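Below is one structure; the comments refer to it alone.
The values are calculated or read from the model by the stated rules, or taken from the named source; none is laboratory data. As the structure is a prediction and not an experimental result, all values here were calculated from the model. For neighbour counting, all protein chains shown are included, and Cβ atoms are generated from backbone atoms with ideal geometry for every residue, glycine included.
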Amino acid sequence: MKSPADLLRRIVALAWPVLIAQLSSMTQMVSDTVLTGRYGTTDLAAVAVGSGIYISVVMLMVGILQAVAPTVAHQVGAGRNDEIGPAVQQGFWLALALSVPAMLFLRQPDWLMQLSEVGPDVDAGARDYLATIAWGLPAAFLYRTFYAFTNALGRTRVLMFISLATTAVHIPLSWALINGHLGLAPLGGMGCAVSSVCICWLALAAALVHVIRSPTYQPYHLFSHWQPPRARALAELLRLGLPMGFSSFVEITSFTLIALLVAKLGATVVAGYRIVGNLSALIYMLPLALAIATLVLVGQALGARDGGEARRAARVGILAATVLSTLASVAVWLVRDPIVAAYTTDPAVHGLAMSLVIYICVYQFFDAVQTVAAHALRGYKVTFGPMLVHTVCFWGIGLAGGYLLAFHGVADLLSPQGVAGFWQAAVASTVAASVLFAAYLHVVARNAV
């Protein structure tokens with residue numbers, strides 16, 4: 001039996017490379033925001049709207065593909081190495097299948113773009129962004145399948161190295177494409193999309209080379225014993241993955257769709273929201289990395305039929321995430337002014353972003369609880385109930401409640417709050433989710449193996 005200290009060391013060992021990989025990927029988004037913000041507010045608004053739609057679609061599909069992680073983790077814990085390769089191959093087939101509707105949607109986003117009510121310049125820029133970045137989706141989905149597989153094996157450092165390498169390419173490439181340096185024509189916000197497509201295929205190529213050359217993957221016969229799509233295996237991945245994907249979609253759209261809904265308030269509001277949303281996503285990477293590590297340990301323990309260790313891993317993961325996320329939010333609050341100033345030189349955008357930072361600092365403790373608890377439940381292969389919790393909290397309380405607070409207020413008690421209303425509702429939704437997920441995990445863990 002591992003002690004809490006041993007479990008904490010194991011979680012941290014798995015989580016820190018994932019955290020760096022995620023922060024590196026987030027740095028790509030942050031750099032796009034900074035570079036387009038300095039190029040022009042209209043371009044920043046177009047990228048904010050376009051990337052909000054893109055991220056929503058990607059998180060839905062990638063969430064489905066994350067079913068590979070608990071599947072492989074259980075097989076690792078049970079010592080069924082011969083079943084791992086075929087499961088990952090089915091994940092690759094699923095990734096290719098999911099890329100088709102995702103690409104079609106991004107290239108024809110008419111009905112969703114109509115919700116934003118943006119000006120013609122922002123609308124055209126967002127459509128160009130989406131039509132371009134769609135070409136990177138097959139590579140992105142195949143890579144995320146490899147990502148889930150490698151996480152479940154506990155080999156997270158390779159993900160860190162690939163992410164760092166692609167970020168080192170993306171930032172200067174985006175800079176050149178946006179501004180027209182190095183002999184290139186200036187593309188504005190669309191330069192971010194072109195660079196992102198290149199990075200998606202580069203990451204997939206790096207993963208393929210690593211799998212072929214590393215002896216660690218040879219026992220799984222990923223390519224030497226290739227299997228065609230199998231209905232039963234794909235159905236099992238979809239049984240786990242569809243609720244996971246919808247949960248991810250609900251969680252991310254509860255924030256990204258706000259960029260569409262507040263677009264009627266003007267490009268300044270969209271740009272300010274984009275900055276604060278970036279900061280929120282950066283802090284979120286910390287509990288998410290710990291949550292992914294917790295999922296792996298819970299899944300491996302359950303595969304080995306050790307319910308006690310699975311429960312201990314979940315508790316340690318939640319405790320570590322809440323402490324570290326709270327510390328991170330305090331640090332952001334203390335240096336909020338120079339952080340926001342790095343994003344924009346527009347005084348109006350700067351002032352709005354500064355007024356919203358307090359909200360993302362307030363809910364970090366509760367966000368850490370719900371994030372780790374939800375991922376621990378995935379380790380138990382429990383995904384449908386968490387999807388319902390996410391939907392009620394993040395769409396019901398967060399998005400719908402935020403729309404009410406932002407544009408209508410609450411009867412005679414509270415006047416319309418503008419974009420701040422969405423963040424006020426986000427705090428309330430996260431508190432509710434943390435309570436429900438903690439209780440849900442307690443019941444599931446108590447009744448498990």
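Figures for the structure shown
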{"quantity": "Evaluation of Leu405 against (1) touching a Gly at 6+ places or on another chain (Cβ under 7 Å); (2) at pLDDT 90 or above (one fails), failing number", "calculated": "(2)"}
{"quantity": "Residues of the range 349-400 satisfying the condition of being in contact with a Gly (Cβ under 6 Å, 6 or more places away or on another chain) and either closer than 17 Å to Leu282 by Cβ or among the β-branched types (Val, Ile, Thr) (or both)", "calculated": "Val349, Ala353, Val372"}
{"quantity": "Residue ID - farthest from the chain's Cα centre (by Cα), chosen from residues in the range 70-96 that are surrounded by 23 or more Cβ atoms within 10 Å (Cβ to Cβ) and closer than 30 Å to Leu260 by Cβ", "calculated": "Leu94"}
{"quantity": "Evaluation of His221 against (1) crowded, with 20+ Cβ neighbours inside 10 Å; (2) on the phi > 0 side of the Ramachandran plot (one fails), failing number", "calculated": "(1)"}
{"quantity": "Exclusive hit being assigned to a helix (DSSP H, G or I), surrounded by fewer than 20 Cβ atoms within 10 Å (Cβ to Cβ) and of a type in the set (A, V, I, L, M), set Ala207, Ala233", "calculated": "Ala233"}
{"quantity": "Residues (more than 19 Å from Leu282 (Cα to Cα) and over 21 Å from the mean Cα position of the chain (by Cα)) located in the range 26-56", "calculated": "Arg38, Tyr39, Gly40, Thr41, Thr42, Asp43"}
{"quantity": "Residue list for the range 363-412, filter: of a type in the set (D, E, K, R) and buried (at least 24 other Cβ atoms within 10 Å of the Cβ)", "calculated": "Asp367, Arg378"}
{"quantity": "Pairs where the first residue, in the range 284-302, is within 14 Å of Gln364 (Cα to Cα) and the second is among the acidic types (Asp, Glu) and part of a helix (DSSP H, G or I), C-beta under 7 Å, 6+ apart", "calculated": "Tyr284/Asp367; Pro287/Asp367"}
{"quantity": "Scope the range 412-444; condition without any contact (Cβ under 8 Å) to a residue 60 or more places away in the chain, over 19 Å from Thr371 (Cα atoms) and outside any strand (DSSP E or B); matching residues", "calculated": "Asp412, Leu413, Ser415, Pro416, Gln417, Gly421"}
{"quantity": "Residue within the range 2-20 that is buried (at least 17 other Cβ atoms within 10 Å of the Cβ), closer than 26 Å to Ile133 by Cβ and either modelled with pLDDT under 85 or among the polar types (S, T, N, Q) (or both) present", "calculated": "no"}
{"quantity": "Number of the exception - Gly125 against (1) within 16 Å of Val211 (Cβ to Cβ); (2) modelled with pLDDT under 90; (3) crowded, with 19+ Cβ neighbours inside 10 Å; (4) not hydroxyl-bearing (Ser, Thr, Tyr)", "calculated": "(1)"}
{"quantity": "Residue in the range 349-371 that is farther than 20 Å from Val316 by Cβ and not in a helix (DSSP H, G or I) present", "calculated": "yes"}
{"quantity": "Any chance Met244 is in a helix (DSSP H, G or I), in contact with a Lys or Arg (Cβ under 7 Å, 6 or more places away or on another chain), hydrophobic (A, V, I, L, M, F, W, C) and within 25 Å of Ala428 (Cβ to Cβ)", "calculated": "yes"}
{"quantity": "Any hit, the range 76-86, residues being assigned to a helix (DSSP H, G or I), free of Cβ contacts under 8 Å to residues at least 40 places away in the same chain and either in contact with a helix residue (DSSP H, G or I) (Cβ under 9 Å, 6 or more places away or on another chain) or not β-branched (Val, Ile, Thr) (or both)", "calculated": "yes"}
{"quantity": "Candidate set: the range 393-411, residues that are without any contact (Cβ under 8 Å) to a residue 40 or more places away in the chain and of a type outside the set (Gly, Ala, Ser); chosen: the one nearest to Phe437 (Cα to Cα)", "calculated": "Ile397"}
{"quantity": "Filtered residues of the range 277-317 (kept if β-branched (Val, Ile, Thr), surrounded by 24 or more Cβ atoms within 10 Å (Cβ to Cβ) and either under 17 Å from the mean Cα position of the chain (by Cα) or under 30 Å from Ser51 (Cα atoms) (or both))", "calculated": "Ile292, Thr294, Val296"}
